[in-house]
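The values are calculated or read from the model by the stated rules, or taken from the named source; none is laboratory data. Everything numeric here is computed off the predicted structure, so don't read it as measured data. Here the Cβ is made from the backbone with ideal geometry for all residues, glycine too, and neighbour counts use every protein chain on show.
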Amino acid sequence: MFPLNNMVLFSITGDLQGWELFVNSLLPMFLGAIKYTIPLTLISFTLGLVLALLTAIMRLSKSPILRVPAVIYVSAIRGTPLLVQLFIIFYGLPSLNITIDPFPSAIIAFSLNVGAYASEIIRASILSISKGQWEAGYTIGMTQNTVLKRIIIPQAARVSVPPLSNTFISLVKDTSLASLILVTELFRRAQEIAAVTYDFMLIYIEAAVLYWIICFLLSLVQQALEKHLERYTAT
């Protein structure tokens, strides 16, 4: 168990009620979001995207050596709960003498999860590009890899932005599961405060509101990005 931060939670006691409790509990949960929830989301999503792109390309490969491992990886991750994956990495690996701290464990689990789901989005986006784009690249002397890098992936990236943005927003909410492996993110802070104040309803509603605000702001960024990319879409 991670101890409460005495400096931050000094004024939070079981005697506080209503608005006073809401105000005093806001800072520690906000700090949990800034220090852990947001960095965990950004790092995991970035690593997951890299893994997703590699996995998507492997799945599109004609070589079974590349395609089969990618298919197994995607199937295994999509077919098992994220919570189970977290527990395997944090609680299971120590039985194999592999011990990983809570925050890196969460990054590994979330990155693997994002990689599997996002790879299907990227693969579908690549397949949505017409074959004529490939042929146009070949006619000017490009190799398959060059066509993929310079023509196909840039167009597929534009198509994949909306679903990938939704994946990113979902990841923000999924980071609450990291509280179960002792990462002191936003929801873990809420649990600690609720354990002190015994006002579970108010504290958990406050945590829900903070998650909602974060996701709402991200949705605004998503809309702005989609609008920007529309300028590059042929009509």
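Looking only at region 200-215, which residues are of a type in the set (Val, Ile, Thr) and either crowded, with 18+ Cβ neighbours inside 10 Å or closer than 13 Å to Ala33 by Cβ (or both)?
Our first condition is that a residue be of a type in the set (Val, Ile, Thr); within region 200-215, this holds for 203, 205, 209, 213-214.
Hits for region 200-215 are Ile203, Val209, Ile213, Ile214.
Just one of (1) surrounded by fewer than 17 Cβ atoms within 10 Å (Cβ to Cβ); (2) over 30 Å from Tyr91 (Cα atoms) trips up Ile121, so point out which.
Condition (1) is where Ile121 drops out.
Among Ile88, Ile43, which is the only one that is surrounded by fewer than 19 Cβ atoms within 10 Å (Cβ to Cβ) and under 30 Å from Glu206 (Cβ atoms)?
On the way: Ile88 fails: under 30 Å from Glu206 (Cβ atoms).
Residue meeting the stated conditions: Ile43.
Taking the stated definitions as given, is Phe110 touching a Leu at 6+ places or on another chain (Cβ under 7 Å) and modelled with pLDDT of 95 or more?
Numbers: touching a Leu at 6+ places or on another chain (Cβ under 7 Å): yes; modelled with pLDDT of 95 or more: yes.
Judged against the criteria, Phe110 is a match.
Only residues that are in a helix (DSSP H, G or I), over 21 Å from the mean Cα position of the chain (by Cα) and not β-branched (Val, Ile, Thr): list them for region 17-52, please. Break it down stepwise before answering.
Going residue by residue through region 17-52, those that are in a helix (DSSP H, G or I) are 18-52.
With the extra rule that they be over 21 Å from the mean Cα position of the chain (by Cα), the set shrinks to 18-28.
Listed by number, the residues that qualify are Gly18, Trp19, Glu20, Leu21, Phe22, Asn24, Ser25, Leu26, Leu27, Pro28.
Take Thr55 and decide whether it is part of a helix (DSSP H, G or I), touching a Lys or Arg at 6+ places or on another chain (Cβ under 9 Å), of a type in the set (Val, Ile, Thr) and over 18 Å from Arg188 (Cβ atoms). Outline the logic, then answer.
Numbers: part of a helix (DSSP H, G or I): yes; touching a Lys or Arg at 6+ places or on another chain (Cβ under 9 Å): yes; of a type in the set (Val, Ile, Thr): yes; over 18 Å from Arg188 (Cβ atoms): yes.
Judged against the criteria, Thr55 is a match.
Going through Ile100, Ile121, Ile65 one at a time, which residue ends up being in a helix (DSSP H, G or I), modelled with pLDDT of 85 or more and farther than 26 Å from Lys227 by Cβ?
Ile65
Which residues, counting only those in region 95-118, are closer than 19 Å to Ser179 by Cβ and exposed (fewer than 14 other Cβ atoms within 10 Å of the Cβ)?
Hits for region 95-118 are Asp101, Pro104.
May I ask you to verify whether Leu171 is surrounded by fewer than 19 Cβ atoms within 10 Å (Cβ to Cβ), among the aliphatic types (A, V, I, L, M) and in a helix (DSSP H, G or I)? Outline the logic, then answer.
Details: surrounded by fewer than 19 Cβ atoms within 10 Å (Cβ to Cβ): no; among the aliphatic types (A, V, I, L, M): yes; in a helix (DSSP H, G or I): yes.
Taking the combined requirement at face value, the residue does not satisfy it.
Do we have any residue at all in region 181-190 that's farther than 16 Å from Leu27 by Cα, crowded, with 18+ Cβ neighbours inside 10 Å and either without any contact (Cβ under 8 Å) to a residue 60 or more places away in the chain or of a type in the set (A, V, I, L, M, F, W, C) (or both)? Even if it seems obvious, please write down each step before you answer.
Let us first name the residues in region 181-190 that are farther than 16 Å from Leu27 by Cα, namely 181-183.
From what's left, crowded, with 18+ Cβ neighbours inside 10 Å: 181, 183.
Next, from what is left, pick out any that are either without any contact (Cβ under 8 Å) to a residue 60 or more places away in the chain or of a type in the set (A, V, I, L, M, F, W, C) (or both): 181, 183.
Looking through region 181-190, at least one residue is farther than 16 Å from Leu27 by Cα, crowded, with 18+ Cβ neighbours inside 10 Å and either without any contact (Cβ under 8 Å) to a residue 60 or more places away in the chain or of a type in the set (A, V, I, L, M, F, W, C) (or both).
Run Glu226 past the list (1) in contact with a Leu (Cβ under 9 Å, 6 or more places away or on another chain); (2) part of a helix (DSSP H, G or I); (3) in contact (Cβ under 8 Å) with a residue 60 or more places away in the chain and report the number of the one that doesn't hold.
All conditions are met except number (1).
Regarding region 94-101, can at least one residue be identified that is of a type in the set (Gly, Ala, Ser) and touching a helix residue (DSSP H, G or I) at 6+ places or on another chain (Cβ under 9 Å)? Working first, answer last.
Restricting attention to region 94-101, the residues satisfying the condition of being of a type in the set (Gly, Ala, Ser) are 95.
So of that shortlist, the ones also touching a helix residue (DSSP H, G or I) at 6+ places or on another chain (Cβ under 9 Å) come out as none.
The answer is no, given that none of the residues of region 94-101 is of a type in the set (Gly, Ala, Ser) and touching a helix residue (DSSP H, G or I) at 6+ places or on another chain (Cβ under 9 Å).
Ser75 passes all but one of (1) among the small types (Gly, Ala, Ser); (2) surrounded by 15 or more Cβ atoms within 10 Å (Cβ to Cβ); (3) under 25 Å from Val172 (Cα atoms); which number fails?
(2)
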